[in-house]
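The values are calculated or read from the model by the stated rules, or taken from the named source; none is laboratory data. The structure presented is a predicted model; accordingly, all values stated were derived computationally and were not measured. Using ideal geometry, Cβ is built from the backbone for each residue, glycine included, and neighbour counts are taken over all protein chains shown. Heads up: the accessible areas ignore ligands, DNA and RNA and are worked out on the full protein's heavy atoms, side chains in. Shrake-Rupley method; radii C 1.70, N 1.55, O 1.52, S 1.80 Å.
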Amino acid sequence: MQTITLADIPAQLWRNGAGLTRPIASGVAGRTAAGQLAAREIPNIDAFDWRISLADIKGDGPFSVFPGIDRCAVLLGHSGITLSGPSGSSYLTPLRPLSFSGEAELEARCDPSPTSTTPQILNLMVRRKTMRSEVGVIHASYRCPKAATLFVLVAAGQWEFDAPDRSATTLLSVGEAGIVHELAAGALMRPSPSHKNAKAVVVILQRPD
């Protein structure tokens, strides 16, 4: 598993210029594991089949539109965000994944935050014709399925990733994420023994059958 230190990723402007994001990783369906590298810049909309990024939410504003893309957002913070569009509204609460279409024209309205910390959103985008995804939040040991890509972001505590053959263990803490490509079945994510309230966001990417 490759470890990613989130603070080391430079922030860049959103596609619509209304906010900042940190591109974590992106990839193309069918590319070898060696070609699926951590991103260092936001790829063009036509240049990826999946993309993971971390956005700073500093106030109300519009979300970018991405035709042909399925999206999932996970709020990291202590307050909620209302996403409103022509077909209605949804409420984004901390550590509860919310999926929506990239074609949706959404406006974000932030609740007052009880802390001075800027809330962030973990953004997953997948091209719906070429990739499938699952996003969840885990609180206990998790047996990872076989996957084209597994991505883990630590939300609280400390986690350990055991490779499928138990040949290596990767330790992840708050402020870090981990990613591995062409993962065989049998890998295990587990909280470190002294971290009983550990939480992590897990993203599973699969190619369509």
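Would you say S84 is farther than 23 Å from T149 by Cα, small (G, A, S) and at pLDDT 90 or above?
The answer is yes for S84.
Go through region 120-137 and give me each residue that's in a loop (DSSP other than H, G, I, E, B) and in contact with an Asp or Glu (Cβ under 8 Å, 6 or more places away or on another chain).
Once the filter is applied, which keeps residues that are in a loop (DSSP other than H, G, I, E, B) and in contact with an Asp or Glu (Cβ under 8 Å, 6 or more places away or on another chain), region 120-137 yields R128, T130, M131.
Limited to region 12-27, what total is found for residues that are over 28 Å from S167 (Cβ atoms) and at pLDDT 80 or above?
Residues meeting the conditions: 6.
Got a number for residues in region 151-170 being of a type in the set (S, T, Y) and open to solvent by 30 Å² or more (accessible area, probe 1.4 Å)?
The total comes to 2.
Quick one: how many residues across region 30-58 are of a type outside the set (V, I, T), open to solvent by 40 Å² or more (accessible area, probe 1.4 Å) and either at pLDDT 90 or above or in a loop (DSSP other than H, G, I, E, B) (or both)?
The total comes to 7.
If I go through region 64-93 residue by residue, how many of them are under 24 Å from I179 (Cβ atoms) and open to solvent by less than 50 Å² (accessible area, probe 1.4 Å)?
Here the count works out to 12.
I'd like the full set of residues that are assigned to a loop (DSSP other than H, G, I, E, B) and surrounded by fewer than 17 Cβ atoms within 10 Å (Cβ to Cβ), limited to region 138-150.
H139, A140, S141, P145, K146
Any residue that is modelled with pLDDT of 95 or more, buried (at least 17 other Cβ atoms within 10 Å of the Cβ) and more than 15 Å from R109 (Cα to Cα) - is there at least one of those in region 3-11?
Within region 3-11, one or more residues are modelled with pLDDT of 95 or more, buried (at least 17 other Cβ atoms within 10 Å of the Cβ) and more than 15 Å from R109 (Cα to Cα).
Return the pair list, or none, for Cβ contacts closer than 8 Å from residues in region 69-84 that are under 15 Å from A55 (Cα atoms) to residues that are part of a loop (DSSP other than H, G, I, E, B) and basic (K, R), at least 6 apart or on different chains.
Cβ pairs passing all conditions: V74/R96; L75/R96.
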